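Beneath this line is the structure, given in structure tokens, with notes to follow.
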Amino acid sequence: MTLLELDNVTAWYGPVQVLDGVSLSVPDNGAVGILGANGAGKTTTLRAISGAVRTGGRITYDGRDIRGLHPEQVAKLGIAHVPEGRGTLGQLTVRENLRVGAYLRKDRKAVAEDLDYCLELFPNLKDRISSSASALSGGEQQMLAVARAFMARPRLLLLDEASLGLAPSTAKAVYEAIRRLRLESGIAMLIVEQNANLAFTLVDSAIVLETGRNVLSGSSAELKGMDEIRRAYLGG
Amino acid sequence: MDTFIQLVIDGLALGSVYAALALAIVLVNQSTGLINFSQGAMAVLSAYFAYVLIGWGFPTILAILGSIVVSFLLGAIVERLLIRRFEGGDPDTAVVVTIGLLTLFTGIAGWIWGYNNRQFPSLFPLETVDILGAVVSVRSIGTTLTIVGIMVVLQLLFQGTKLGLALRAVAINPSSAAYSGLPVGRLLMIGWGLAAALGAVAGALVAPALTLTPGMMDTALVYALAAVIIGGLNSPLGAVVAAWGIGVLENLAAVYVPFIGYDLKIAVPFIILFVVLLVRPQGLFGRKVVVRV
């Protein structure tokens, strides 16, 4: 079953067109990567799904057209977005950030269980539970951003460049935890990543964007075998 | 000694007036991230609403409650129709808009009701009581207790409720808050509405002592801003303590420091402000914002 489908999606920032026909589909419980260079439209694709930019084309989620909805309405449908730059709420504590993530939920007991699960998944956050988010290290902030998104108990997680600005070992640890999260929760994921090596540890398939449109797509194994992918994104 | 106690108690009463406005400023800042310079002028409009209702024969308490409701709506409408256009842009622009609103609201009040001082009845009886040899009006005690009550409510709202948490989250990063499903627009309207309602309480508390004029809050606004900066922009408790401190020190300095006297006493809060900011830039009770990249 397809959970999310983008069909020839376009997007604008004011008069500037950034996406010029992006198509992809994410199956239930699947994980799909969006690869590409800087400025290819990876982040904008996620923002288009969340309703944070003006879009054209068709975006279908769980059988309904969600194009034109506002971000808060998209969130209500079960799509959680970890934005570029993490979007952690700096002046709030770690615990408060996680509570904001669970804002839409009424099932208090399950929320408390999920909070414990997050702290077990990211033990670093446990020690910092009462400190303000802005005092965390970059890696910890990224973990917090992922944990906050999980607290909404989404069906689909949009993850924007979780490795950005992190030391390689930290980035690897973050992806390790996300992989575990995927296996244990079954949440479908759409992942933007500049570092294709990291992305391939997590995704089943990927698309490659260039100047706002698809140029390639395939399973992880297929893509890893292609020379041009290797040269451009995998460092030889 | 009697003079001293009298000065301290009068200072607390005076400080409570600044505190009322300071709390409204903290409320808007916590729920929208802005400083609203028109908070005082909105409070004056609210006091005029109450004045009109009293003129129609409503009892004072009902008139004030009515003006609180109207002010909530006014605050929400101002956010929806005007401030909304500047949110997401440069915060400085929005702040300048609130300065424009300050003149607009003062002008509207003057245009409708004129610039003559008008008597505004007090909620509290006019009697005085004796405390440690000082003469204290029941009105001052009532004002001070009301402020303490509001402060406690605000502290509970922000620290203990889901609404308070949501208001703060939206103020910090509206687009990120929206990704968690927070209704950003509605929360900003509620923040402005609550602050305006609180301003209405401030207006009703101040008007009997200062008499009602369009410029009634101008001086108080300056003191209230000093109080929120000294106390910390994100701390209701800090704002109230600082406002009281300003009221008391200002009174004491006027009498005990001959060089200052009554003419220079307006300088006192700013001397305090200067010293506090040198020692603790985040304010006395403010939480320091650490930014790591």
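The values are calculated or read from the model by the stated rules, or taken from the named source; none is laboratory data. Here the structure is a predicted model, which means the values were calculated and not measured. Because the Cβ atoms are built from the backbone with ideal geometry, glycine has one as well, and the counts that use them run over all protein chains shown. Each accessible area value is taken on the protein alone, full model and side chains, heavy atoms only, with ligands, DNA and RNA left out. Shrake-Rupley method; radii C 1.70, N 1.55, O 1.52, S 1.80 Å.
Here are the numbers for the structure shown:
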{"quantity": "Residue in the stretch B:243-258 that is open to solvent by 30 Å² or more (accessible area, probe 1.4 Å) and outside any helix (DSSP H, G or I) present", "calculated": "yes"}
{"quantity": "Candidates B:GLY57, B:GLY142, B:GLY149, B:GLY66, filtered to the one that is more than 30 Å from B:GLY238 (Cα to Cα) and free of Cβ contacts under 8 Å to residues at least 40 places away in the same chain", "calculated": "B:GLY57"}
{"quantity": "Filter result for A:THR88 (in contact (Cβ under 8 Å) with a residue 40 or more places away in the chain, within 11 Å of another protein chain (Cβ to nearest Cβ) and either part of a loop (DSSP other than H, G, I, E, B) or open to solvent by 20 Å² or more (accessible area, probe 1.4 Å) (or both))", "calculated": "yes"}
{"quantity": "Single residue of the stretch A:97-110 satisfying the filter (under 21 Å from the mean Cα position of the chain (by Cα) and in a helix (DSSP H, G or I)) that is surrounded by the most Cβ atoms within 10 Å (Cβ to Cβ)", "calculated": "A:GLY101"}
{"quantity": "Filter result (open to solvent by 10 Å² or more (accessible area, probe 1.4 Å), under 15 Å from B:ALA94 (Cβ atoms) and not aliphatic (A, V, I, L, M)) within the stretch B:13-61", "calculated": "B:ASN29, B:THR32, B:GLY33, B:PHE37"}
{"quantity": "Condition met for A:LEU121 (away from chain B (no Cβ under 14 Å), surrounded by fewer than 24 Cβ atoms within 10 Å (Cβ to Cβ) and in contact (Cβ under 8 Å) with a residue 60 or more places away in the chain)", "calculated": "yes"}
{"quantity": "Given (1) free of Cβ contacts under 8 Å to residues at least 40 places away in the same chain; (2) small (Gly, Ala, Ser); (3) open to solvent by 20 Å² or more (accessible area, probe 1.4 Å), index of the condition A:GLY139 fails", "calculated": "(3)"}
{"quantity": "Restricting the stretch B:87-128 to residues that are open to solvent by 80 Å² or more (accessible area, probe 1.4 Å) and of a type in the set (Phe, Trp, Tyr), the residue that is farthest from B:ASP218 (Cα to Cα)", "calculated": "B:TRP111"}
{"quantity": "Some residue of the stretch A:148-167 being open to solvent by 10 Å² or more (accessible area, probe 1.4 Å), over 30 Å from A:GLY21 (Cβ atoms) and among the aromatic types (Phe, Trp, Tyr)", "calculated": "no"}
